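The values are calculated or read from the model by the stated rules, or taken from the named source; none is laboratory data. Note that the structure is predicted; figures quoted are calculated from it, not measured. Neighbour counts are summed over all protein chains in view; Cβ atoms, including those assigned to glycine, are modelled from backbone coordinates with ideal geometry. Accessible surface is based on the protein model in full, side chains and every heavy atom, while ligands, DNA and RNA are left aside. Shrake-Rupley method; radii C 1.70, N 1.55, O 1.52, S 1.80 Å.
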Amino acid sequence: MSDSDVAHAEVKDVPLDFGDAVVLLDVREDDEWQRGHAAGAQHIPMGDVPARIHEIDRDATLYVVCHAGGRSLRVAQYLAREGFEPINVTGGMLAWAQAGRPVTTDGGTAGTV
């Protein structure tokens with residue numbers, strides 16, 4: 001499976017609000033998540049995705065993000081093989097933060113990427 005088999009989106013094209021219709025799946029490790037993430041994102045570390053795939057809403061628009069875009073691409077390719085239609089976020093959370101988008105912690109304070 002190649003890059004061309006998975007849709008890509010620039011950060012500017014990703015919505016800011018997530019919920020029932022739109023999911024931002026953050027596949028970074030726990031320590032990365034704790035430092036900072038997009039508010040409302042769903043967190044499933046890359047290695048846990050196969051075991052927790054049932055937690056991902058098949059009906060939602062699904063964006064996948066990691067630190068810089070590499071791990072999320074691999075997860076998006078896996079999810080595409082499993083029947084999802086994932087969209088890889090180009091540049092990951094680095095691009096998210098560089099675009100001036102909010103990064104938060106579980107405690108609600110400003111986070112870092």
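In this structure the amide hydrogen of Val22, modeled in the peptide plane, comes within under 5 Å of the amide hydrogens of Thr61, none closer than 5 places in sequence on its chain. Report, to the nearest 10°, how far helix 70-81 tilts away from the longest principal axis of the Cα atoms in the chain, using its own Cα long axis and a range of 0 to 90°. The helix 70-81 is inclined about 40 degrees to the chain.
Between the amide H of His8 and those of Asn88, distances stay under 5 Å, these residues lying 5 or more places away or on another chain, with hydrogens modeled in the peptide plane.
Applying 1/(1 + (r/R0)^6) with r as the Cβ-Cβ distance of Arg52 and Leu94 and R0 = 41 angstrom yields a FRET efficiency of 0.95.
What accessible area per residue comes out for the chain, rounded to a whole number of Å², with a 1.4 Å probe? Using a 1.4 Å probe on heavy atoms only, each residue of the chain averages 51 Å².
Estimated from helices alone, the mean residue ellipticity of the chain at 222 nm is -6500 deg cm²/dmol (sum of -39500 (n - 2.57) over DSSP H runs with n ≥ 4, per residue).
Normalised by the number of residues in the chain, the mean separation of alpha-carbon contacts (under 8 Å, six or more apart) gives a relative contact order of 35 percent.
Using only the alpha carbons of the range 7-101, what is the convex hull's orientation-averaged projected area in square nanometres? So the Cα hull casts an average projection of 5.3 nm².
Expressed as a whole percent, the accessible surface of the chain that belongs to carbon and sulfur atoms is 48, based on a 1.4 Å probe. Under the convention that each Lys and Arg Cβ holds +1 and each Asp and Glu Cβ holds -1, the size of the dipole of the chain around its Cα centre is about 260 debye.
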